Each structure stands twice: as C-alpha cells, then as structure tokens.
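Structure, as structure tokens:
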Amino acid sequence: MLRKRLIVVKLAACAGALMAGGAAKAQSSVTLYGVVDAGLLYTSKTANASDGSDAGKQFSLISAGLTPSVFGVSGTEDLGDGLKLNFKLESGFSVVNGGLANCNGNLFGCQAWIALDGKYGTGKVGLQFSPFFLALYQSDPRDFSMFGSGLVNMVDNVFATSVYNSNAISYSSPNISGFQASLMYALGGAAGNFQAGRQYSASLKYELGGFMINAAIYDGNSGGTAQTPIPTTVQFEGRTIGAAYKFGAVTAKLSFVNYKVAGSFNNNVYGGGLDYHVLPTLDVNGGVWVTSDRNQTSNHSVMGSLGAQYFLSKRTMLYAQVGAVNNHGAMNTGISINGALFGTEGTTVASVIGVRHSF
C-alpha cells in the first residue's frame, strides 16, 4: 500500500515538473503604459467654427501639444519556435478635462488588436494603424507632432480615416534583404451593401544603412457599420512616397502625399525637413509643407514649424514649438491638432510650450 502511494506521489511530481516546464517555455507578460502630455497654445488667428473667418487670438491649455496622451495595456506570450502572441489595448484621453480624446472617440479607440508574430511575418486583427499612416509617419521630419507636422495636413483632409481602422486584418512581412511589405484590409459592410466602409492599404519599404524609402496607398469607402464619434470612414484615396537619410546625428526626410477626398479637395502635399540630435538630452527638428489643390490651384497653403525637446530624464521632457501657416483661396490648413486644427485665410503664427511624461 505504501509503495503504491509512493508511486502516485512520484507520478504527480513528474506531471507537475512537466507542467512547470511547459509554463517556462510559454512565458508571458503584461505591461501597463501611457503618456501624459499638456501644453499652452497661442495662435495669432483662430478660425470661426461656423464660417471659417478670423475669430481673433487665443491662448489656451491643450492636451497633447506634442504627442497624444494615452494609456494602454500590452502583452506578449512566447509560444515557442520563434512564434509570439501579442496584443494591445490603447485609449486616448484629455489632460484638460479627463475625457476621451485624440483617437476615434471610443474607450479603446486608438488600438485594440491581437497578433501572431513569427519568422514568416506578423498577422494582426482588430483596430489598428494602416500601412499608409505608418509610411507617412516614417517620412515625417517631426515624427507626426500634434503641432506643425504632416499629421495636421492629414487630419485636416481625412480626420481619423486611415489612422484608426476598425474591422481590420493585416499582414507585415519579415525584413528580406532590406525590403518589408505590409497589407491591410478592413471589412466594411452594411445591409445590402458589402462595400460600405470597406478600406484597404498597402506599403513597401526599403532600408539600407541610414537610407530609407517607402511608398504606400490607401483606398476607403464611406459608410458601413464601423461608425465612431470621430470620423474614420471618410471616402478618399491616398498615395505617398517618402525618403529619409541619416548621417551622424542628423536625419533628413522628404515626402509627397496626395489626398483625393470625395466631393472635396484633391490635395498634393510636398513636405521635408531635418531632425538634429544636438545632445543626448536635446533634439531639434523642423519642416515645411506645401499644399496645393489639384482641382483649383488658387487653393494652396504653406506651413512651417520648428520644435525642440529637452529630456529631463528618460521619461520626462520639456518641449517648445513655433510655427506659421499661410492659406490662400479656400484652403484651411491648421497648425495644431488640438486648438487649431483648421486655419483661416492669410497668415497665422502660433507657438506651444509643454511637458510630456511617459510611464
């Protein structure tokens, strides 16, 4: 009897060891992260929301003067043989009033996806950034700052469309001799119309040393069931090509983008600028963006900006940005995502100072 009990105990111990070994191979982790960003914005002109006329100067506290304020949860599990399962849930918020902001208006309106990542590439499903948006980010000299960057032009034209894509399935290839391709298809659909809200995007990037060149497309239909408080299904076609070259502490970037918006502008945007890491704790960057409406060339604008970020620590920085935008005709390019998304005719001068902390 005693011998039988010893055998059972040994078997249980072996089973426990096997389970522990399996758990060790499938290690997982969950991380809570976030960014808190607040700034003081000044503009010499403010567009009247009703008719676009000049409503005068403004001085206001804004959330996200440099980057969006967000919090989220990300996780990963090692499935073995180079395969990992990753997920991310991310929400945007306003430091000014504590409400939802900077994303599509939903609780986890920035990102909400699950992915398998392995040696053959990454497959992802859920609310995610499009390859078109990521390509634009890679070729922007100011890293898509919320003030005075190519992001302002993008949101001016299409709001959050192509940034936050619902019902999306994507695949990104591994890096093969410097090349990487990405594809995304977002299922739309409504009763009687499977094409309503349908979106797709693709990009191709090549990197060699300090050189990068990319190209991307986006095509989206209006409507569908994926309606959000901030519009993400504006009907438009997007095309871009961009390049970057890093030499020492300086990175130069150039880009061309076309936003062909149904029933609105058909804008070409030409952008370029430099980013210079003066010191490990000091980064300075600037850029210029020229926008022209192909349907009516009298509608055009020029936006320029300069920014500096000083790192008090790895997680905390102070920043200052100055910029100006000049609009002609019906063009209404703004200077800041928050507080001055749309501009008025003539020249507007603006600045923002703020603090950003990540955790």
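The values are calculated or read from the model by the stated rules, or taken from the named source; none is laboratory data. Owing to the predicted nature of the structure, the values given are computational and were not obtained by experimental measurement. Note: ideal-geometry Cβ built from the backbone for every residue, glycine included; neighbour counts use all protein chains shown.
Hey, which of the strands (runs of 3 or more DSSP E) in the range 311-359, taking only ones fully inside, have at least 1 residues that are in contact with a Cys (Cβ under 8 Å, 6 or more places away or on another chain) and either modelled with pLDDT of 95 or more or of a type in the set (A, V, I, L, M) (or both)?
Numbers: elements: 316-328, 333-336, 340-342, 346-358.
Where strands (runs of 3 or more DSSP E) fall fully within the range 311-359, none carries at least 1 residues being in contact with a Cys (Cβ under 8 Å, 6 or more places away or on another chain) and either modelled with pLDDT of 95 or more or of a type in the set (A, V, I, L, M) (or both).
Taking into account only those residues within the range 338-359 that are crowded, with 23+ Cβ neighbours inside 10 Å and of a type in the set (A, V, I, L, M, F, W, C), which is nearest to MET154 (Cα to Cα)?
ALA340
Tell me, which strands (runs of 3 or more DSSP E) lie completely within the range 54-114 with 2 or more residues that are among the basic types (Lys, Arg) and within 19 Å of the chain's Cα centre (by Cα)?
Details: elements: 58-63, 70-80, 83-92.
Result: empty, no element qualifies.
Hey, could you check the range 206-253 for residues that are basic (Lys, Arg) and more than 17 Å from the chain's Cα centre (by Cα) and say which is nearest to CYS110 (Cα to Cα)? I'd like the intermediate steps shown before the answer.
Narrowing the range 206-253 to residues basic (Lys, Arg): 239, 246, 253.
With the extra rule that they be more than 17 Å from the chain's Cα centre (by Cα), the set shrinks to 246, 253.
Values: LYS246: 30, LYS253: 26 Å.
Filtering the range 206-253 for residues that are basic (Lys, Arg) and more than 17 Å from the chain's Cα centre (by Cα), the one nearest to CYS110 (Cα to Cα) comes out as LYS253.
Any residue in the range 211-218 that is surrounded by fewer than 14 Cβ atoms within 10 Å (Cβ to Cβ) and either out of contact with any Leu (no Cβ under 6 Å at 6 or more places or on another chain) or not small (Gly, Ala, Ser) (or both)? Break it down into steps so the answer makes sense when it comes.
Pass one, the range 211-218, residues surrounded by fewer than 14 Cβ atoms within 10 Å (Cβ to Cβ): 211.
Next cut, either out of contact with any Leu (no Cβ under 6 Å at 6 or more places or on another chain) or not small (Gly, Ala, Ser) (or both) only: 211.
Within the range 211-218 (the criterion being surrounded by fewer than 14 Cβ atoms within 10 Å (Cβ to Cβ) and either out of contact with any Leu (no Cβ under 6 Å at 6 or more places or on another chain) or not small (Gly, Ala, Ser) (or both)), the answer is yes, since at least one residue qualifies.
Hey, any hits in the range 32-40 for a residue that's surrounded by fewer than 15 Cβ atoms within 10 Å (Cβ to Cβ), farther than 27 Å from ARG142 by Cβ and at pLDDT 95 or above?
yes
If we keep just the residues of the range 159-176 that are polar (S, T, N, Q) and either in contact with a Phe, Trp or Tyr (Cβ under 9 Å, 6 or more places away or on another chain) or part of a strand (DSSP E or B) (or both), which is surrounded by the fewest Cβ atoms within 10 Å (Cβ to Cβ)?
Taking the range 159-176 as the starting set, the residues that turn out to be polar (S, T, N, Q) are 161-162, 165-167, 170, 172-173, 175.
Checking which are either in contact with a Phe, Trp or Tyr (Cβ under 9 Å, 6 or more places away or on another chain) or part of a strand (DSSP E or B) (or both) leaves us with 161-162, 165-167, 170, 172-173.
Working: THR161: 28, SER162: 29, ASN165: 31, SER166: 23, ASN167: 18, SER170: 24, SER172: 20, SER173: 14.
Here the answer is SER173.
Are any of the residues in the range 303-318 over 23 Å from the mean Cα position of the chain (by Cα) and among the β-branched types (Val, Ile, Thr)? Give the steps one after another, and end with the answer.
Filtering the range 303-318 down to residues over 23 Å from the mean Cα position of the chain (by Cα) leaves 312-313.
So of that shortlist, the ones also among the β-branched types (Val, Ile, Thr) come out as none.
For the range 303-318, residues over 23 Å from the mean Cα position of the chain (by Cα) and among the β-branched types (Val, Ile, Thr): absent.
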